[in-house]
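Enquirer: Okay, handing you the structure first.
The values are calculated or read from the model by the stated rules, or taken from the named source; none is laboratory data. Computed from a prediction, not measured in an experiment: that's the story for all the values here. A quick note on method: Cβ atoms are made from the backbone with ideal geometry, for glycine too, and the neighbour counts reach across all protein chains shown.
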Amino acid sequence: MSRQIHKSLAAHEPPYAVAFAALGDETRLALVQRLSAGRPVSISELTAGARITRQAVTKHLRVLERAGIVRSQRWGRETRFALDRRPLHDLQVYLERVGRQWDETLGRLKVFVEE
């Protein structure tokens, strides 16, 4: 898919789809876990001991930032990244709602099959 088409489709995605897409990568999930400590962290701190380059980490952080999961702030010469827990909470609420809908649907199916 061309970059232009991908950008056009991404502009019309529901907010949950963007967040799930951002979290659908194991490197980004690992970054979210590292940022979950609660304090802003620099790229240097995030790449310490990692097998991934600073450029790759920056790219992944920008994806998370566009999804609203991570926010960045300049501190002098460096940029620090912090986790924004609100989108994750929103995803949790969404998944709980979908789970209840499925439970209700399966309950109705069970009643229908048992009749």
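Enquirer: Does residue 95 satisfy the criteria of being under 18 Å from the mean Cα position of the chain (by Cα) and touching a residue at least 24 places away in the same chain (Cβ under 8 Å)?
Expert: Spelling it out, it is not the case that residue 95 is under 18 Å from the mean Cα position of the chain (by Cα) and touching a residue at least 24 places away in the same chain (Cβ under 8 Å).
Enquirer: Can you confirm whether region 107-114 contains a residue that is out of contact with any Pro (no Cβ under 8 Å at 6 or more places or on another chain), modelled with pLDDT under 90, surrounded by 10 or more Cβ atoms within 10 Å (Cβ to Cβ) and aromatic (Phe, Trp, Tyr)?
Expert: No: region 107-114 contains no residue that is out of contact with any Pro (no Cβ under 8 Å at 6 or more places or on another chain), modelled with pLDDT under 90, surrounded by 10 or more Cβ atoms within 10 Å (Cβ to Cβ) and aromatic (Phe, Trp, Tyr).
Enquirer: Let me ask another. Six or more apart or on different chains, Cβ under 7 Å: which pairs go from a residue in region 1-30 that's of a type in the set (Ser, Thr, Tyr) to one that's at pLDDT 55 or above? Could you list them?
Expert: Filtered contacts from region 1-30: 16/91; 16/94; 27/52; 27/60.
Enquirer: For region 2-53, give me the residue count where each residue is in contact with a Leu (Cβ under 8 Å, 6 or more places away or on another chain) and modelled with pLDDT under 85. It would help to see each step written out before you state the result.
Expert: Initially, region 2-53 is screened for residues in contact with a Leu (Cβ under 8 Å, 6 or more places away or on another chain), giving 16, 19-20, 22-23, 28-29, 31-32, 34-36, 38, 41, 43, 46.
So of that shortlist, the ones also modelled with pLDDT under 85 come out as 16, 38.
Result for region 2-53: 2.
Enquirer: Among the residues of region 54-76, how many are part of a loop (DSSP other than H, G, I, E, B) and either surrounded by 15 or more Cβ atoms within 10 Å (Cβ to Cβ) or modelled with pLDDT of 90 or more (or both)?
Expert: Let us first name the residues in region 54-76 that are part of a loop (DSSP other than H, G, I, E, B), namely 67-69, 76.
Among the residues that remain, those that are also either surrounded by 15 or more Cβ atoms within 10 Å (Cβ to Cβ) or modelled with pLDDT of 90 or more (or both) are: 67-69.
Count: 3.
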